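The values are calculated or read from the model by the stated rules, or taken from the named source; none is laboratory data. Owing to the predicted nature of the structure, the values given are computational and were not obtained by experimental measurement. Quick reminder, even Gly has a Cβ in these numbers, built from the backbone with ideal geometry, and neighbours come from all protein chains shown. The accessibility values were calculated without ligands, DNA or RNA, using every heavy atom of the protein model including side chains. Shrake-Rupley method; radii C 1.70, N 1.55, O 1.52, S 1.80 Å.
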Amino acid sequence: MKILVINSGSSSIKFQLLDMEGETVLASGLVERIGEPTGLLKCVLWPGSVDEVVVKQQESIADHRSGMLEVVRLLTDGANGAVRSREEIRAIGHRVVHGGEDFHEPIVIDDKVVSAIENNIALAPLHNPANLDGIQVLRELFPGVTQVAVFDTAFHQSIPDRAFIYALPYEMYEKYRIRRYGFHGTSHQYVARECAVLLGKPLQECNLITIHLGNGCSMTAIENGRSIDTTLGMTPLEGLVMGTRSGDIDPAIHAFLHRNCGMDIEAIDHVLNKESGLKGICSMNDMRDIHAEIAAGNDRARLALDVQTYRNRKYIGAYMAVLGRVDALVFTAGIGENDPVVRARSVAGLACLGIELDQEKNKKRGGPATLISSSNSRVQVWIIPTNEELAIARETASVLNKPLQ
Ligand code: ADP
């Protein structure tokens, strides 16, 4: 069974075509700079195999529709495409950022689901409209093919009210649905499932802390396989220090910036989302550049690393307290999978909580899942590569296989 996975952003579309027998990737790629004078389409057919073909096209891509048309043409291009015809694509899985309180699990997209996603636009004004563009175009191009929405927020719908309610006037929750939703749910759930297999016990019996450190960063406390708290909040801004996002700050800083620094709400929003985090502290948001600068004696780069890893450690401690018993910590995503220094500093001094790394094993960068804790460590520590596309494809397949209710 072949499944197409779509992650439609405001100016880009990422896609992957998978054959679920053997879970092999038939094609993967990206359409970038949609609506700009020069767009870019990159597609790798049969990646990693001896037949690998890389296609790069630079041309203007007016909108999501023309971008997707070109992708479909490449994927189904006679003898050269990844499949012979559109009919071979059994289903399409869409990443949708915000499902609000409406969606606890992936769902087959129909008009009702589309309007529910529309109703959540206020909660994710940048992401949900772009996700909907992708859905609309693909429904048009593939009429009759089952399309499934997989929500970043769904895994966190099990969080209890004591952890999702902000201490604001309760009407703000009732009227405007202001609460913690959490994001990166597909990634947290995927690595949690993988971890359960590695631990050799059912997910329903696993207590885990999953730590997704990429450009966006978040941590989730998982009790008996279910998310019970997570660091991202109503929007993907709260919690850990990210590439360009601040994470936790005193909420009164908003009013201070407005009253004393002449900033309006748009400017404040921009600074907190795009000019803060690692970038705000040291002008760089790629951890590899930060390490190079630290080696060259750049003190701000050192500070950025210190602030990020200190915040990670603080939340690991908090989630140990929330969970009581923890089977494993899981590091994932770009930094989590590749950066021994960030991992070591995020758990430094936590031997008192039963967390001890094996310094040799922790040197690992990339590759398959690896246990990096020492044999004395009460809590296991794992690196588990995330794979959101595969997770979305699996979810899509499982929705198809579900009996009709
Ligand atoms: P996104 O949130 O965009 O999906 P990724 O999970 O791909 O992000 O992570 C991107 C980040 O991972 C980069 O900004 C970089 O800081 C970090 N990264 C990638 N490779 C390495 C590496 N080898 N060492 C340290 N950091 C890395």
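Classify the chain: rounded, prolate or oblate, from the alpha-carbon gyration tensor (a ≥ b ≥ c, eigenvalue square roots; a/c under 1.5 rounded; otherwise prolate if a/b is larger than b/c)? The shape class here is rounded. Looking at the chain alone, DSSP beta bridges between its own residues are antiparallel in about 70 percent of cases. Model label points for A167 and E140, set 7 angstrom from Cα along the Cα-to-Cβ axis, are 5.0 nm apart.
Look at where the Cα atoms of region 198-272 and of region 367-394 average out, and the two centres are 21 Å apart.
Between E87 and S158, the FRET efficiency estimated from the beta carbon spacing at R0 = 35 angstrom works out to 0.40. At 1.4 Å probe size, with the rest of the protein present, what percent of the exposed accessible area of the chain is carbon and sulfur atoms? Accessible surface attributable to carbon and sulfur in the chain totals 51 percent.
Rounded, prolate or oblate: which one fits region 2-151, using the alpha carbon gyration tensor with axes a ≥ b ≥ c (rounded when a/c is under 1.5, else prolate when a/b beats b/c, else oblate)? Walk me through the numbers before you get to the answer.
Values: a/c = 2.03, a/b = 1.38, b/c = 1.47.
Oblate.
By the gyration tensor of its Cα atoms, with a ≥ b ≥ c the square roots of the eigenvalues, what is the shape of region 157-294: rounded for a/c under 1.5, prolate for a/b over b/c, or oblate? In terms of gyration-tensor shape, oblate.
Projecting the Cα positions of L240, L74, Q380 onto the charge dipole of the chain (unit charges on Cβ atoms of Lys, Arg, Asp and Glu, taken about the Cα centre) puts Q380 furthest along the positive direction.
Run the quick spin-label model on E36 and K274: label points 7 Å from Cα toward the beta carbon, then report their separation in nm to one decimal. Roughly 1.2 nm, to one decimal.
Per-residue SASA remark: F155, around 20 Å² accessible (1.4 Å probe; ligands, DNA and RNA not included).
How would D133, D19, D111 line up by accessible area, probe 1.4 Å, largest first? Don't skip to the end; give the middle numbers.
Numbers: D133 60, D19 30, D111 110 Å².
Ranked from most to least accessible, the order is D111, D133, D19.
For the chain, a Gaussian network of Cα nodes joined below 10 Å ranks E21, E194, E36 by mean-square fluctuation, and the top entry is E21. For E105 and R325, a Förster radius of 41 Å and the Cβ-Cβ distance give a FRET efficiency of 0.95, rounded to the nearest 0.05. At most 12 other Cβ atoms within 10 Å plus a DSSP loop assignment makes a site exposed; report the longest stretch of the chain without any exposed trypsin sites (Lys or Arg not before Pro). Answer from the scan: 85-324.
Simple rule: put +1 on each Lys or Arg Cβ and -1 on each Asp or Glu Cβ in region 6-60, find the dipole, and look at V53, V25, S10; the Cα lying farthest toward the positive end is S10. In this Cβ point-charge picture (+1 for Lys and Arg, -1 for Asp and Glu), region 201-388 has a dipole of about 480 debye about its Cα centre. About its Cα centre, the dipole of region 2-151 is roughly 240 debye, where the only charges are +1 on Lys and Arg Cβ and -1 on Asp and Glu Cβ. Relative to the current alpha-carbon distance between S11 and V55, full extension at 0.36 nm per residue lengthens the span by 13.9 nm.
So for region 201-388: antiparallel DSSP bridges make up what percent, rounded to the nearest 5? Could the numbers behind the result be given before it?
Working: 13 of 22 bridges.
Looking only at bridges with both residues in region 201-388, the antiparallel portion is about 60 percent.
Using the structure shown, list the pairs from K201/K363; K56/K363; K14/K364 with a Cα-Cα distance above 30 Å, or answer none.
Values: K201/K363 27 Å; K56/K363 35 Å; K14/K364 28 Å.
Where the Cα-Cα span goes over 30 Å, the pairs concerned are K56/K363.
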